[in-house]
Structures are given as C-alpha cells and as structure tokens.
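Here the structure comes first, spelled out in structure tokens, and everything after it is commentary.
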Amino acid sequence: MKKFIDAIEAFLGKHSWTPTRFGREIAGDPLFVFDLRDGREPRSETRNKVLKTMAKFSDSGKLSPLRLGVAGLGTVGAELVRILEKDGNSISRKIGREIIVSAVGARSRSRDRGVDLSNVTWFDDPVELAKSEEIDLFVELIGGEDGPALASVKAALSIGKPVVTANKALLAKHGVTLASIAEKTGAQLGFEAAVAGGIPVIKALREGLGSASVTRAYGIMNGTCNYILSRMGCEDISFEDCLKDAQELGYAEADPTFDVGGFDTAHKLAILTSLCFATQIAPDEIFVEGITAITQADIKVANDLGYKIKLLGLTQFSPEGIEQRVHPTLVPKTSAIAGVDGVLNAVVLETDHVQELMLSGPGAGGAATASSVLSDILDIARGTSVPPLGVPSDELAPYKRAPMRTHEGGYYIRFNAKDVPGTLGVITTSMGNQEISIESIIQRPDLQADGADNNAEKTRTIILITHETMEKNVRKALGEIEKSGLVIGNAQLIRIEKF
Ligand SMILES: NC(=O)c1ccc[n+]([C@@H]2O[C@H](COP(=O)([O-])OP(=O)(O)OC[C@H]3O[C@@H](n4cnc5c(N)ncnc54)[C@H](OP(=O)(O)O)[C@@H]3O)[C@@H](O)[C@H]2O)c1
C-alpha cells in the first residue's frame, strides 16, 4: 500500500497536478487522493486501474498516444483507418490524446484497400496482433461468432488490453464470457457498432438513460429487410424481385438468409435485451420469423387498413418472463417507427422516466459503422470505464423466456379459402370456439390468392383482423380451420402492434 501511495505522490510532484485533478482524471473520483491520505484503502481492482492509467502518461503529463491494432480491413476496418487518416488530428485535439493506427491485419496483404499502410506493422495472425506490445487497443473487425474473431478478442482481453468490436454474432454468442474476462482483467470492451450500426443505442442504454428502467424496446435493426418491405410498400413488386434489386444495389448479401430470415435482427435483439433488463444474453431463446412469406396482398391490405409491415425485433417484460421476438409486424402508419423507411434502422426504448425515446439512422455501411467503432475508441482513450453489459456480468439475472403461446396481441390472418358455401362460417366459428373476437373480416376478390392460378378450385382471399388475443388460441383456431379442408395451404399470420 505504501508503494502505491508513494507512486501517486511521485506522479503528482512530477507533473505538478493537484490531488483533485488526479482523482478526477485518473481514479474517476475527485476525492480519491484525499481519501488515500486519510488512510482509506482502495479495492485492488481500483488500485490496478489507477496504476495502469498512470502508466499511460508521458513525462509531460499528457496522455501518451493510443496505439490501435485493427484486425480486418474490409468495409468497416478500411473505413476506420481512412477516417483516422483524414480526421485524426481534429479527433486528437478534441480528446487531448493522439490516436494512431500502429498495426493492422487481414487475410490478403496485397489487396489495395485505398489507405496508406506503409508505416503500419502487418500481422497475418489476428491473435498475434491482439497480443502485440505495439498496440494499446485491439479493434476486431473480422466478423464471425467463433474462429479468429473470438480467439483474438479473448487474447486481448485476457491480458487486460481493451477491445472494440462491431461483431454482433460474437457478442450474441459469447458476450457474457467476454464481459466477464474484461471485468477480471480491468480491460474495456466496446461494441456500439454491433447493434444498429451508426445509432448510439448501446451508449444510450449503458450510460445515457441512467436510472431509468426500460419496460420495452423494439426496433427495425436490419436495413436489407427494411429496404425490401419499404419498396414493396411503394411499388407493386414481389419480395423476390425486390430482393434481387437489393442484391444488385449491394443492400443484400449473395446469400440473404441471415438477413431476410430475421437472424441478424435476432443477434442484435439478444444484445439489446441483456442491456435493457440486465439478463444473460440468450440468442437461442428468441422467436424468429423472417419476411420471405410477405406478399403484395399483405402489403396492400395492411395499407388499406392504415398499417405498414415492418420486420421488428421486440423485447419486453411479461408476467411469464421476457418476450423476445423477431417477426414481420403490422404497425400503424401514424406511429414513429412506421416512418423509418429504406435502409434506415431505428430503436425505440420505452422507459419509466423518459417515456418513449426513438433513435434512428443508418444501421450499416462502412462510414456509419466505423463512426460507432470510433466512438468506443474515443471513450476508451478518455478513460471512461463502464461494465460492458451495463452491470457486472456476475450480476446478470438468468434469462427466463416467456413462451410465445402466451403472447397477447392483435393478429392479421389471411386465408386462401375455397370458394364454397360455409367457408366463412367455419372460419368465424373456429375463431369463436377459441374466444377470439374479430375486429373485421375482409374479402378481397381483387387480390389473387397465393398459387390460385395453379388450383383447379376457385378460391378467394379472406382476411381477418382480431382484437387482442393469445397466440395459443389463434394457433388452435387455425389448426381447426386448416383441418376443415376449406382453406388451401397455411394461413398467413402477421402480428399487430398498436404503438
Ligand atoms: N458492413 C457493415 O455495414 C457492418 C455493420 C455493422 C456491423 N458490422 C460488423 O463489422 C464486422 C466487419 O464487417 P465488414 O462488413 O467490414 O466485413 P468484411 O468487409 O467482410 O471484412 C472482413 C475483414 O476481415 C478480414 N479477415 C477475414 N478472415 C480473417 C482472418 N482469418 N484473419 C485475418 N483477417 C481476416 C478480411 O480480410 P481480406 O480483406 O483480406 O479478405 C476483411 O478485411 C463484422 O462483425 C460485421 O458484422 C458490419
């Protein structure tokens, strides 16, 4: 302890700092030195953190440059290096500390990435890069839930080196383990870019909302899906044609399953849920439905009824546990979220004190994502220190899933029904048997039912809108209706949220 106090007194003398400045800038508590002089011993983690921070100061008393190691020089990584190349000086002035890229790595060394890497050390192995003494902060922009991304992030955190990553898949699967390693070694772990790209939602949840507690959060967190659904809403164009255009424009991957299947949104939702409700991250406990079955008929009927269809990720407390779901949703055209179109993302946080807060903006793209990566880097450069998941990882509550069958809400149900007497009667009776109250029944002869041209039988499109009811009742009623043989194929079911 005496050695520790001596080191601090020596630092104060050498840099002519006041005890208050030391406390504020190094220990995060203006009274730290006074308490120490009064004989109050800090905890060993605090001592380690203070010693580590002191070591970062040069002889002039200024923070030494923060040296980055960037693994992955693709869309986001190369853009990060480009931004630092262009705006490095103004960023350094803003935070009072120089930020430099010291080392980088990717798969191909020869590929031109449009940035100057001549003074930067190259690493083929991301783990070696993470452990290198040439860097103070490791930036993981490789991607993937395991493999080199996981190995390198673990390697850095294990030796107390801070990490910034944009990797939602990694965080969704290993977030709690990584947070726990970071807490043990005193390293920072930033992942602002992992949820909704350029939108600072992690910071809002971790720091901005302070004591407010979140009751529900939902959002549009996949630009590809939002682009497709928005375009289908404006033009008479099928899902398949829209997807093809999105691929040509670079908004969708060659294999779009991860996006249009809802899995990308699920990864982001899993991270969001943990931050909202201080629970373990549970990516496998999410109800996921993608947008591939949405047709023009659904878009048109929804529009006529005053709704838009959006792929939402939603997390909320219910008496049974936490409901985490990703699915196409009918949202009122008048709601704020309905106005978020194209490739934009948005997250709405409903809290006790702040009520409703909507953050919207670009959810992907090199510049927007690199901007969030940089915001984490700047926080670490300034010495900001928060537990990665908002609360210490050993205080995260176990995740308890609310079963989907107990979900309560309104439903849009579209049937491809046989055009024979009694069909409508069977549909309404089956609904009545499950005590489902129907808000409206619509027959749309103008909308050709799916596959109608392949059927010998005449069919018609019938749409029901239900009042609030339980998912298990709807499932039972649909089972009964489908068993009657009066409808062709499975009914289209889309949940309604009245925001
Ligand atoms: N792109 C976005 O809009 C966006 C938005 C939000 C979050 N993110 C996340 O950001 C991360 C990076 O995304 P990205 O779009 O920039 O990916 P990307 O364009 O595919 O770039 C990946 C980079 O990682 C390198 N790499 C791959 N395997 C490697 C290995 N074994 N060792 C070393 N380097 C390796 C690649 O090297 P080569 O270049 O030599 O092939 C490439 O430079 C991902 O986690 C992604 O989910 C991206």
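Please treat every number below as a calculation from the coordinates, not as lab data. Computed from a predicted structure; not experimentally measured. Cβ: placed from backbone, ideal geometry, glycine included. Neighbour counts: every protein chain shown.
The table that follows gives values for the structure above.
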{"read-out": "Percent RCO, i.e. relative contact order, over the chain, from Cα pairs under 8 Å lying at least 6 residues apart", "value": "14 percent"}
{"read-out": "Rounded Å value of the spacing that divides the Cα centres of segment 1-77 and segment 356-412", "value": "29 Å"}
{"read-out": "Mean residue ellipticity (222 nm) of the chain, computed from DSSP H runs ≥ 4 via -39,500 (n - 2.57), nearest 500", "value": "-11500 deg cm²/dmol"}
{"read-out": "Relative packing of peptides 301-313, 159-171 - highest average C-beta neighbours within 10 Å first", "value": "159-171, 301-313"}
{"read-out": "Mean separation of Cα contacts under 8 Å (6+ apart) over length of segment 225-332, as relative contact order %", "value": "27 percent"}
{"read-out": "All-pairs Cα distance distribution in segment 349-450, expressed in whole percent, bin size 5 Å", "value": "2, 7, 9, 9, 12, 11, 9, 9, 8, 8, 7, 5, 2, 1, 0"}
{"read-out": "Least to most buried among THR459, THR369, THR406 (fewest other Cβ within 10 Å first)", "value": "THR406, THR459, THR369"}
{"read-out": "Inter-part distance where segment 199-264 and segment 162-186 are each reduced to a Cα centre, Å", "value": "24 Å"}
{"read-out": "Inter-site label distance for LYS3 and LYS86 at 7 Å from Cα along Cβ, in nm", "value": "4.8 nm"}
{"read-out": "Ranked list, fewest to most other Cβ atoms within 10 Å of each Cβ, for TYR251, TYR218", "value": "TYR251, TYR218"}
{"read-out": "Length-normalised contact order of segment 2-55 in % [C-alpha pairs under 8 Å, at least 6 apart]", "value": "27 percent"}
{"read-out": "Order by protection proxy (mean Cβ within 10 Å, highest first), peptides 210-216, 135-141, 472-478, 79-85", "value": "135-141, 79-85, 472-478, 210-216"}
{"read-out": "3J(HN,Hα) from dihedral phi, segment 340-345, Karplus parametrisation 6.51/-1.76/1.60, rounded to Hz, x for glycine, proline", "value": "8, 10, x, 7, 5, 10"}
{"read-out": "Tail weight of P(r) past 22 Å, computed on alpha-carbon pairs of segment 66-194, percent", "value": "31 percent"}
{"read-out": "Of LYS418/LYS472; LYS49/LYS184; LYS52/LYS173; LYS14/LYS56; LYS131/LYS154, pairs whose Cα-Cα distance is over 18 Å", "value": "LYS418/LYS472; LYS52/LYS173"}
{"read-out": "Charge context of GLY233, other residues only, Cβ under 15 angstrom, K/R +1, D/E -1", "value": "-2"}
{"read-out": "Kirkwood hydrodynamic radius of the chain, Cα pairs, Å", "value": "25.1 Å"}
{"read-out": "Least to most buried among ASP245, ASP236 (fewest other Cβ within 10 Å first)", "value": "ASP236, ASP245"}
